[in-house]
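Everything on this sheet refers to the single structure shown next.
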Amino acid sequence: MGEIRNKVEYSGELILADGISIPCYVLADGRRVLSGRKMQMALKIVDSNATGTKLPAFLSNSSIKPFIINEKDPAHFEPLECYLGKQKINGYEATVLTDICKSILDARRSGLKLTERQEIVATQCEILLSAIAKVGIIALVDEATGYQYDRERDELQKILRAYISEELLPWQKRFPDIFYKELFRLNGWDYTVNGIKKRPGVIGKWTNRLVYEELPHGVLDALKQKTPKSVAGNKLARYHQSLTPDVGEPNLSAQINKIVTLFKLSDNMRELWYNFKRLKEREAGELTLPFTFDEEGHTKEN
């Protein structure tokens, strides 16, 4: 017997507001799904005592269909057949609920004359969106099904499989000369043969902080574990030799190019860190300073 299609891995009950609950599921491929029958009841497309499925007909209504579909693929709104063991469940991807709510409210705001039932649905859409707005439908489903506890581990494993190669790849030059030339310039170091031979150990710290730590969370730790070491503890290969050629290496190159651009915009390492910090604050939040600088803005070795 073949593998079950759209197999449910996690299930739960999504409580959106007083008296509004929808069975929800996480499929083996990570899609979040809501029960179609309960979703149409939550939207009040049908009354609580009604039988049958009216949601497809409601979505295909000629007056509101343009607002529902808009720029989305019509297949997004098609029902899914899922299986919880041998039990068949007719459902919809969870984001369909928010898409429907937003579309119905857009239709009402446009001045479209709604039917009595459509007005009831529009009022219910306001209630549902209010309940969903704070954290989002995906997070609500993950919490309701318990998937939130396994999600981070599962998604980390997917990232690591994409980034980390099974075999150690042959060494190839990944960091261009300009990366180190600029790093030496910003620190006031001598970029000559003798200067490079005396390359300070802090360069590795800067490389990790500016490049490898900016790859997805967990990748650098995995690279540290995978990179072979001598008995004395010295690395026998470079971190980038363990990156996959299709995902890991292109993302490494993109991050290096981003940092080289910041290097060129800066006069010293203190200014570089300020520029880097500003960029990160826009993306995430404040950063602590892992380095100290002298009066000229060069890195001070501890």
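Along its three principal directions, the equivalent ellipsoid of the range 8-146 from the Cα gyration tensor extends over semi-axes of 24, 16, 15 Å, largest first.
Suppose every Lys and Arg Cβ carries +1 and every Asp and Glu Cβ carries -1, with no other charges. What dipole size does the chain come out with about its Cα centre, to the nearest 20 debye? Intermediate values should be presented prior to the final figure.
Values: 44 positive and 41 negative charges, 100 e Å.
The dipole of the chain has a size of about 480 debye.
Extents of the range 134-278, largest first, come to 60, 40, 27 Å (Cα atoms, principal axes, whole angstrom).
Modelled label positions at residue 130 and residue 162, each set 7 Å beyond Cα in the direction of Cβ, lie 3.8 nm from each other.
Left without a cysteine partner by the 4.7 Å Cβ rule in the chain: 24, 82. A cut-off of 5 Å between modelled amide H atoms, ignoring neighbours fewer than 5 places along the same chain, links residue 94 with 32, 33, 34.
For the range 161-300, what is the charge dipole size about the Cα centre, in debye to the nearest 20, if Lys and Arg each add +1 at the Cβ and Asp and Glu each add -1 at the Cβ?
Working: 23 positive and 18 negative charges, 75 e Å.
So the magnitude is around 360 debye.
A quarter of the convex hull surface defined by the alpha-carbon atoms of the chain gives 23.3 nm² as the mean projection.
With 22 Å as the limit on Cα-Cα distance, the pairs of 38/86; 173/197; 7/54 that go past it are 7/54. The modelled label-to-label distance between residue 172 and residue 225, using points 7 Å beyond Cα along the C-beta direction, is 2.6 nm.
Were the residues from residue 57 through residue 280 laid out at 0.36 nm apart, the gain over their Cα-Cα distance would be 75.6 nm.
Sort largest first and round to whole Å: the equivalent ellipsoid semi-axes of the range 202-288, each the square root of five times a Cα gyration tensor eigenvalue. Before the final figure, lay out the partial values.
On the way: eigenvalues 128, 45, 31 Å².
Taking √(5λ) for each eigenvalue gives 25, 15, 12 Å, largest first.
Relative to the dominant Cα principal axis of the chain, helix 95-109 is inclined by about 70°. The angle between the Cα long axis of helix 269-283 and the longest principal axis of the Cα atoms of the chain comes to about 10 degrees, rounded to the nearest 10.
A short reminder: the numbers here are calculations on the coordinates, not readings from a lab. If you're wondering where the values come from, they're calculated on a predicted model, not measured in any experiment. Cβ coordinates were reconstructed from backbone atoms using ideal geometry, including for glycine residues, and neighbour counts include every protein chain displayed.
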